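Read the structure below first, then the notes.
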């Protein structure tokens with residue numbers, strides 16, 4: 001789960017990790033008030049959306065007076081911000097962060113994330129802050145400092161020293177950095193983060209170390225024990241159909257194609273999307289109804305797929321294991337009767353109770369196209385797409 | 001022969017009295033698996049069908065000589081269950097549970113490094129040696145005993161592949177789902193090494209998906225160490241970057257973990273790459289029969 005920069009900075013502040021003074025604003029007036037309260041100009045105004053590269057898209061600006069705050073805030077609020085990470089459609093800005101300006105001497109990069117292969121927690125740092133870290137890693141890998149921490153042991157002073165000396169920090173900054181990194185590590189572990197990234201982490205002219213930016217991703221599997229973090233979810237930042245699907249425990253991702261699909265199991269769902277592409281069409285979504293789906297979930301899945309206007313055909317691909325084919329068939333029939341089927345539907349079922357499932361579909365009188373196997377299903381989709 | 005489980009495997013089920021635990025324990029028993037014990041704290045002394053239930057894994061293992069644990073406990077308690085089984089020195093631990101926090105798995109994996117146990121999963125369908133032993137939630141009847149080893153990161157996609165193999169008359173030595181989570185126990189390489197060493201396995205099918213670099217590492221291993229023919233398939237060619245595709249581990253990030261990169265790695269390792277899932281059975285039949293001749 002992603003959260004906003006201002007929310008991440010609040011978590012930093014609570015953990016005594018230094019961040020610039022500032023506040024989130026939802027209107028131009030609020031932005032002006034916050035700027036005045038900060039006491040001096042310039043202030044920084046930052047669009048709050050769930051995507052990086054905001055500066056490149058014009059979502060981060062410096063304001064030198066109240067008048068400038070007003071102009072910039074009214075420009076950024078409600079703008080459709082396009083960044084390298086939003087895709088061409090961009091994202092609507094509904095809130096901005098207004099912060100004190102700092103006298104920046106150095107910009108550094110710092111992040112913490114799990115390493116899936118070694119099961120360590122890895123600290124990544126670089127002197128090349130404020131840049132795209134993937135680009136730095138590709139062009140000059142020698143500039144990347146990588147320190148692995150065994151999660152059973154936790155962070156030790158030597159880990160901090162390795163990072164600090166790698167960053168070439170001055171002695172008076174080092175101490176602050178050790179303390180900050182230890183707190184950041186503890187925040188990462190205790191709040192079930194899957195990523196904490198500060199880019200840039202700055203050293204000011206006054207030799208203070210401050211997180212100028214903050215990005216935190218939370219492991220959704222850990223949310224059951226992080227109830228307060230769950231409340232930071234901003235559904236405005238998500239696709240409306242995906243939000244709707246998540247209410248029914250459906251694993252749905254909206255895509256731009258024309259063939260909807262409903263599958264049980266994530267791997268088979270991805271493979272089914274690939275089959276649609278191979279058939280000459282584009283998948284309109286990813287939808288894994290899961291192993292334990294019931295008729296109601298199938299019905300909701302069906303409704304959500306049909307709510308996407310781009311969908312011209314649907315492929316249902318179920319390998320019955322725990323989810324029995326007769327349950328699936330009942331769900332499809334229920335959904336079809338309630339919502340009506342406006343597009344051709346190809347159904348391919350295999351596995352547990354497949355005969356019963358086919359019987360339910362056949363006697364429903366609905367106009368469904370059944371496929372005997374995956375190859376047949378792909379051919380039938382291709383035929384429909386070709387028209 | 002087979003790998004990791006066979007007719008001598010003695011299974012204990014952690015979470016045997018729960019809904020999922022009960023259902024799948026019965027399915028495993030009816031397949032022929034030797035389920036010798038169940039563990040549910042505070043339900044020791046009861047039985048689930050004929051299976052005795054114990055309070056702790058240590059007690060269950062001591063009294064029944066179980067050497068394999070199948071775990072059905074909910075995600076919040078699963079890491080604890082895995083570590084309990086490992087502490088009791090259970091040889092093989094199969095964790096079906098989906099949704100364990102990554103932070104828990106980081107601890108578990110480091111803990112396991114000091115134990116003799118092998119972990120399969122979590123978030124996996126389990127392992128089956130057809131005709132001998134099923135430790136997992138896969139539908140038994142689609143499997144057929146035979147010479148092909150199957151290893152995969154997903155559940156139903158594996159069933160699809162196995163079903164196609166069986167319909168071609170290609171039976172399986174052992175099928176393993178290593179799970180869809182970013183941090184898991186047994187990896188592709190462990191399974192490839194075991195299949196290479198298993199005289200009953202003549203060919204291998206490896207099913208990967210987007211995310212991480214496990215397939216690439218496996219391919220480097222295959223090029224050096226695997227003499228048996230390998231068929232490869234990778235799901236997720238059409239997956240958009242930055243989105244988690246159902247499995248917690250299935251995400252393309254910063255241009256790495258793509259299906260194409262994995263397919264390329266397979267080709268370099270001379271793995272027979274099948275790009276059309278609909279034809280995988282036939283494809284395998286061609287590869288494995290040619291090699292038989």
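The values are calculated or read from the model by the stated rules, or taken from the named source; none is laboratory data. No experiment lies behind these values; they were computed from the predicted model shown. Cβ sites come from the backbone with ideal geometry, for glycine too, and all protein chains shown count toward neighbours.
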Residue count for the stretch A:163-175, restricted to those that are buried (at least 16 other Cβ atoms within 10 Å of the Cβ) and more than 17 Å from residue A:105 (Cα to Cα)
2
Restricting to the stretch A:259-281, and then to whatever is touching a strand residue (DSSP E or B) at 6+ places or on another chain (Cβ under 7 Å) and in a loop (DSSP other than H, G, I, E, B), can you tell me which residue is farthest from the other protein chains (Cβ to nearest Cβ)?
A:281
Tell me whether the stretch B:163-174 contains one or more residues that are away from every other protein chain (no Cβ under 11 Å), crowded, with 24+ Cβ neighbours inside 10 Å and part of a helix (DSSP H, G or I).
yes
Kindly provide the set of residues from the stretch B:103-129 that are buried (at least 23 other Cβ atoms within 10 Å of the Cβ) and in contact with a helix residue (DSSP H, G or I) (Cβ under 8 Å, 6 or more places away or on another chain), ordered by number.
B:103, B:104, B:105, B:108, B:119, B:122, B:125, B:128
Selection from the stretch B:149-162 of residues facing chain A (nearest Cβ under 9 Å) and part of a helix (DSSP H, G or I) yields B:156, B:157, B:158, B:159, B:160
Entirely in the stretch A:1-118, the helices (runs of 4 or more DSSP H) that have 3 or more residues that are more than 28 Å from the chain's Cα centre (by Cα) and either in contact (Cβ under 8 Å) with a residue 12 or more places away in the chain or more than 30 Å from residue A:170 (Cα to Cα) (or both)
A:28-38, A:66-76
Could you tell me whether the stretch A:296-319 includes any residue that is part of a helix (DSSP H, G or I), touching a strand residue (DSSP E or B) at 6+ places or on another chain (Cβ under 6 Å), within 14 Å of another protein chain (Cβ to nearest Cβ) and farther than 22 Å from residue A:244 by Cβ?
no
Report, by residue number, each residue of the stretch B:240-286 that is in a helix (DSSP H, G or I), touching a helix residue (DSSP H, G or I) at 6+ places or on another chain (Cβ under 8 Å) and more than 11 Å from chain A (Cβ to nearest Cβ).
B:261, B:262, B:265, B:266, B:268, B:284
Given the structure, is residue A:213 more than 17 Å from the chain's Cα centre (by Cα), more than 20 Å from residue A:147 (Cα to Cα) and modelled with pLDDT of 95 or more?
yes
Are any residues in the stretch B:207-229 over 23 Å from residue A:116 (Cα atoms) and within 13 Å of another protein chain (Cβ to nearest Cβ), and if so, which ones?
none
Only one of (1) touching a helix residue (DSSP H, G or I) at 6+ places or on another chain (Cβ under 8 Å); (2) free of Cβ contacts under 8 Å to residues at least 12 places away in the same chain fails for residue A:383. Which number is that?
(1)
